[in-house]
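The values are calculated or read from the model by the stated rules, or taken from the named source; none is laboratory data. As the structure is a computational prediction, the values presented were derived from the model and not from experiment. With ideal geometry, Cβ positions are generated from the backbone for all residues, glycine too; neighbour counts draw on all protein chains shown.
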Amino acid sequence: MHRKDGAPRWGMVIDLDRCTGCQACVVACKQENNVPFSTPEEAEMGRMIAWVQVLPTVEGEYPDVKMRFMPLLCQQCDHPPCTNVCPTGATYKNAEGIVAQVYPRCIGCRYCANACPYSAKFFNWSEPQWPESMRASFNPDVSVRPKGVVEKCTFCHHRLIRAREQARAEGREMVPADYQPACVQVCPAEAMTFGDLNDPHSEVAALAKDSRAFRLLEDLGTEPKVIYLREGV
């Protein structure tokens, strides 16, 4: 689906110079989106599910080494290869640029996961499970995905819907500050900035044009809407 004229184009900028690797974004994402826990056996088989992953890298030689961290989530591409291969339309790009998921449509063929160059999609190999003590904290705004479907980050799209409904109830227009994904909200280092890339006055649009800005695998032409700022420049 093409973006409607005047519609927002939601995007995120992540400052790698600020990221401390604390994993607060990972925990918040799991809690907000009812992301299931993986058993040690599933982890050994590479079947962990984490919509946000913090990838560590080590620079330099011992003893002069420095640890760097890169949060990796769905890159919300403007030209997403995953949407082109899904035979049921379970994954699609909506009018505001968010690559969304319609879980009841997913038949588990995993074409989208194979087409994603960022390994940001996860297949439910088994029935999702959580510790019994955590079941009371499920987010009622987000479905619990069953075995056999592919799931991923959607920029907490349910929060966008809730923000619009709240603004409508208050008789006003929604402003970008009303909508923040869980990972952005909890980041203690404020390494993540979220907003409308089409708004030239927004902080996220300004940061996207920073001299340190880069996108992952830019040569592929997927045009991600998650932009990173290089460290130490």
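In segment 186-212, which residues are under 23 Å from Cys22 (Cβ atoms), in contact with a helix residue (DSSP H, G or I) (Cβ under 7 Å, 6 or more places away or on another chain) and of a type outside the set (Ser, Thr, Tyr)? Matches in segment 186-212: Val186, Cys187, Pro188, Met192, Phe194, Gly195. Screening Ala120, Ala136, Ala113 for residues that are out of contact with any helix residue (DSSP H, G or I) (no Cβ under 6 Å at 6 or more places or on another chain), closer than 25 Å to Gly195 by Cβ and not acidic (Asp, Glu) leaves exactly one candidate, Ala120.
Pairing residues of segment 60-71 that are on the phi < 0 side of the Ramachandran plot and in contact (Cβ under 8 Å) with a residue 12 or more places away in the chain with residues that are of a type in the set (Asp, Glu) and part of a strand (DSSP E or B), at Cβ distances under 8 Å and at least 6 apart in sequence or on separate chains, gives Met67/Glu59; Arg68/Glu59. Here Ala167 qualifies as closer than 21 Å to Arg9 by Cα, of a type in the set (Gly, Ala, Ser) and either in contact (Cβ under 8 Å) with a residue 24 or more places away in the chain or assigned to a helix (DSSP H, G or I) (or both). Just one of the listed residues (Pro128, Pro176) is closer than 28 Å to Gly221 by Cα, touching a residue at least 40 places away in the same chain (Cβ under 8 Å) and not β-branched (Val, Ile, Thr), and it is Pro176.
Would you point out which residue out of Leu217, Leu207 is surrounded by fewer than 21 Cβ atoms within 10 Å (Cβ to Cβ), at pLDDT 95 or above and more than 15 Å from Met12 (Cβ to Cβ)? Walk me through how you get there before you give the answer.
Numbers: Leu207 fails: more than 15 Å from Met12 (Cβ to Cβ).
Exactly one residue qualifies, and that residue is Leu217.
The residues in segment 96-121 that are within 20 Å of Pro71 (Cα to Cα) and of a type outside the set (A, V, I, L, M, F, W, C) can be counted, and the count is 4.
Number of residues in segment 183-204 that are within 15 Å of Ala28 (Cα to Cα), surrounded by 13 or more Cβ atoms within 10 Å (Cβ to Cβ) and not aliphatic (A, V, I, L, M) equals 3.
Can you find a residue in segment 123-135 that is buried (at least 19 other Cβ atoms within 10 Å of the Cβ), at pLDDT below 95 and in a loop (DSSP other than H, G, I, E, B)? For segment 123-135, residues buried (at least 19 other Cβ atoms within 10 Å of the Cβ), at pLDDT below 95 and in a loop (DSSP other than H, G, I, E, B): present. Within segment 152-165, none of the residues are at pLDDT below 95 and touching a Lys or Arg at 6+ places or on another chain (Cβ under 9 Å).
For segment 220-233, taking the residues that are surrounded by 18 or more Cβ atoms within 10 Å (Cβ to Cβ) and β-branched (Val, Ile, Thr), the one that is farthest from Thr20 (Cα to Cα) is identified as Thr222.
Only strands (runs of 3 or more DSSP E) wholly contained in segment 1-107 count here; list those with 1 or more residues that are surrounded by 13 or more Cβ atoms within 10 Å (Cβ to Cβ), touching a strand residue (DSSP E or B) at 6+ places or on another chain (Cβ under 6 Å) and among the aliphatic types (A, V, I, L, M).
10-15, 53-61, 64-72, 99-101
Among (1) at pLDDT 95 or above; (2) within 14 Å of the chain's Cα centre (by Cα), where does Pro117 come up short? Condition not satisfied by Pro117: (2).
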